[in-house]
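These notes concern the structure reproduced below.
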Amino acid sequence: MNRELFGWHSPALNKHMEIVTYGHHGFALLLLPTAAADYLEYERFLLIKSIEKYINEGKVKVFSINSINSESWLNSDMHPKHKAIRHQQFNDYVYNEVIPHIKRSTSDETPIYTSGASLGALHAANLFFKRPDLISGTIAMSGNYNLSTYTKGYYDDDVYFNSPEHYLPNLNDNKYLPLIQNSKHIHILTGSGSYETPEASQRFSALLHSKGIPHELDVWGPDMGHDWPTWRAMLPYYLETRF
């Protein structure tokens with residue numbers, strides 16, 4: 001399996017940010033880490049191994065980046081307003097730096113999908129719903145799509161505009177909403193075992209239905225907890241059967 005490490009000083013974040021690429025061809029899959037993890041997390045926990053077949057076949061080319069959650073919502077020493085600002089800077093990094101890098105590594109015509117587990121699922125979904133002109137869809141695993149879950153009561157415009165449960169009900173424009181509605185790959189996945197919150201995915205699915213957004217809600221069984229064995233089963237299954 002082709003594996004390349006790369007990085008650059010991010011103007012948006014004012015720090016060096018790494019990225020790892022797996023594969024040589026196929027649609028682009030951008031992985032967002034869980035919690036405060038790094039760009040190699042999905043490799044360490046063998047999720048990359050679980051999808052190696054599809055990478056080697058040239059079905060998918062995978063890109064994995066660092067999170068900055070430890071510098072935003074998971075940093076108990078930061079003022080909530082500064083957490084929200086840092087979160088927005090992360091979005092700018094993805095849209096203005098990572099997406100162009102992916103296009104240089106593939107082509108302008110190659111579709112880009114986001115994926116992630118836990119807090120990474122929120123980021124993956126949010127990045128897609130905010131910019132469906134850049135990202136074609138998402139595979140979100142075990143997520144909660146209400147950002148205020150992580151803000152400890154703080155709320156401002158940056159929270160609102162990064163919380164899909166808040167901004168999607170009011171999205172009625174004729175540019176982004178049709179792009180979202182025309183996506184063939186919005187997959188909301190969750191287990192129903194230990195530490196999972198399937199009701200969060202079900203609530204989000206109901207919201208998508210209310211907006212006329214076609215999507216797939218898939219609630220796996222009580223044996224599928226909020227942990228790596230679940231995500232190592234989900235992602236290869238969806239790459240095999242949906243793409």
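Is it fair to say Thr34 is part of a loop (DSSP other than H, G, I, E, B), under 18 Å from His187 (Cβ atoms) and of a type outside the set (A, V, I, L, M)? Here the answer is yes, as Thr34 does meet what is asked. Does any residue of region 179-193 turn out to be assigned to a helix (DSSP H, G or I), surrounded by fewer than 15 Cβ atoms within 10 Å (Cβ to Cβ) and at pLDDT 95 or above? The answer is no; no qualifying residue exists. The lone criterion from (1) without any contact (Cβ under 8 Å) to a residue 12 or more places away in the chain; (2) under 16 Å from Ser115 (Cβ atoms); (3) of a type in the set (Gly, Ala, Ser) left unmet by Ser201 is number (1).
Cβ-Cβ contacts under 9 Å between residues 6 or more apart (or on different chains), taken from a first residue in region 91-103 that is more than 19 Å from His24 (Cβ to Cβ) and among the aromatic types (Phe, Trp, Tyr) to a second residue that is part of a helix (DSSP H, G or I) and at pLDDT 95 or above, are listed as Tyr95/Leu127; Tyr95/Lys130.
Please go through region 56-96 and give me each residue that is under 17 Å from the mean Cα position of the chain (by Cα) and acidic (Asp, Glu), ordered by number. Within region 56-96, Asp92 is the sole residue that qualifies. Pull up region 79-122, narrow it to residues that are among the charged types (D, E, K, R) and farther than 17 Å from Glu18 by Cβ, then point me to the one that is surrounded by the most Cβ atoms within 10 Å (Cβ to Cβ). Restricting to residues being among the charged types (D, E, K, R) and farther than 17 Å from Glu18 by Cβ, the top hit is Lys83.
Among the residues of region 62-72, those identified as closer than 14 Å to Leu29 by Cα and either surrounded by fewer than 23 Cβ atoms within 10 Å (Cβ to Cβ) or touching a Phe, Trp or Tyr at 6+ places or on another chain (Cβ under 7 Å) (or both) are Val62, Ser64, Ile65. Does Ser210 fit the bill of being loosely packed, with under 15 Cβ neighbours inside 10 Å, among the hydroxyl-bearing types (Ser, Thr, Tyr) and modelled with pLDDT of 95 or more? Yes, satisfied.
The values are calculated or read from the model by the stated rules, or taken from the named source; none is laboratory data. The shown structure was predicted, so the numbers you read here are calculated from the model rather than taken from an experiment. Ideal geometry is used to build each Cβ from the backbone, glycine not excepted, and the neighbour counts take in all protein chains shown.
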